[in-house]
Amino acid sequence: MSDPLSLSIIIPVWREAAAITETLTALGSVRRAGHEVIVVDAGSDDGTASLARPLCDRVVQSGKGRAVQMNAGADAARGNVLLFLHADTRLPDDAMTRLEAFAETGNAWGRFDVRLSGQRPLFRIIAWLMNQRSRLTGICTGDQAMFVRRDVFEALYGFREQPLMEDIELARRLCLVSRPFCVESPVVTDSRRWEKHGPWRTIFLMWRLRWRYWRGESPESLAREYRSDVRTG
């Protein structure tokens, strides 16, 4: 018989003062059900950690970089399932029911479908394409709130501490263990990045970087281009 679900939600943050209160307030029911929420701050100078502390179980300080932060959060976690959530992403109302169903399966890991918060019809098309790509390949991104059994995460030594594509890199290795458990109820992720830089430009940038990563280009060089593109957008 499977162990009951014990969930640790790990949220890497840096300068998220504008969003962190709303994000953590939305997770209040998860904490009241006995699960834990861990915020991993990379030295924010805008008060993010102070705002988060009363609304989560623990604030962990770490070096910068999502992979570094998520590994630090996993080290501090007590749950038997780890869920990695971006600070601008909201879980669906039935998330706990779906995660309890996952806990009863033989799957090592899983992810949610995704929906962008913006109301433009194009955003619905983008989300549909992201979800279909994930179903076909088994690969997911951090926007899809990846979750993984703690023992599997530890056996794989967690995220590779690289500056970009750490989510895709771990998903590749997890696919060697099992297919993902796919939750059709979508997480809702903020569309501000798409709106700020333009949806077509953002799509082209991300697919170009992903294609080059699949061809073996280093995450370090891709991260430099990503940061340069975002700054000038």
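The values are calculated or read from the model by the stated rules, or taken from the named source; none is laboratory data. Owing to the predicted nature of the structure, the values given are computational and were not obtained by experimental measurement. Positions of Cβ are backbone-derived with ideal geometry, glycine not excepted, and every protein chain shown enters the neighbour counts. All accessible areas refer to the heavy atoms of the entire protein, side chains included, with ligands and DNA or RNA removed. Shrake-Rupley method; radii C 1.70, N 1.55, O 1.52, S 1.80 Å.
Residue count for segment 166-202 under the criterion of being over 17 Å from L83 (Cα atoms) and among the aromatic types (F, W, Y): the result is 2.
Annotation: of all residues in segment 105-123 being within 27 Å of P4 (Cβ to Cβ) and crowded, with 18+ Cβ neighbours inside 10 Å, the one that is farthest from the chain's Cα centre (by Cα) is N107. For segment 124-138, taking the residues that are more than 15 Å from the chain's Cα centre (by Cα) and open to solvent by less than 20 Å² (accessible area, probe 1.4 Å), the one that is nearest to E104 (Cα to Cα) is identified as G138. In this entry, T21 passes the filter for residues that are open to solvent by 30 Å² or more (accessible area, probe 1.4 Å) and either closer than 21 Å to S117 by Cα or in contact with a Phe, Trp or Tyr (Cβ under 8 Å, 6 or more places away or on another chain) (or both). The residue of segment 139-165 that is farthest from L83 (Cα to Cα), among those that are open to solvent by 20 Å² or more (accessible area, probe 1.4 Å) and not in a loop (DSSP other than H, G, I, E, B), is A155.
Scanning for something among the charged types (D, E, K, R), touching a Ser or Thr at 6+ places or on another chain (Cβ under 7 Å) and more than 26 Å from E220 (Cβ to Cβ), does segment 124-132 turn up at least one residue? No, because not a single residue in segment 124-132 is among the charged types (D, E, K, R), touching a Ser or Thr at 6+ places or on another chain (Cβ under 7 Å) and more than 26 Å from E220 (Cβ to Cβ). Of the helices (runs of 4 or more DSSP H) entirely within segment 1-76, those holding at least 3 residues that are within 17 Å of the chain's Cα centre (by Cα) occupy 20-25, 66-76.
In segment 63-81, which residues are out of contact with any Asp or Glu (no Cβ under 7 Å at 6 or more places or on another chain) and either over 23 Å from T141 (Cβ atoms) or open to solvent by 30 Å² or more (accessible area, probe 1.4 Å) (or both)? Scanning segment 63-81 gives G63, K64, D75, A76.
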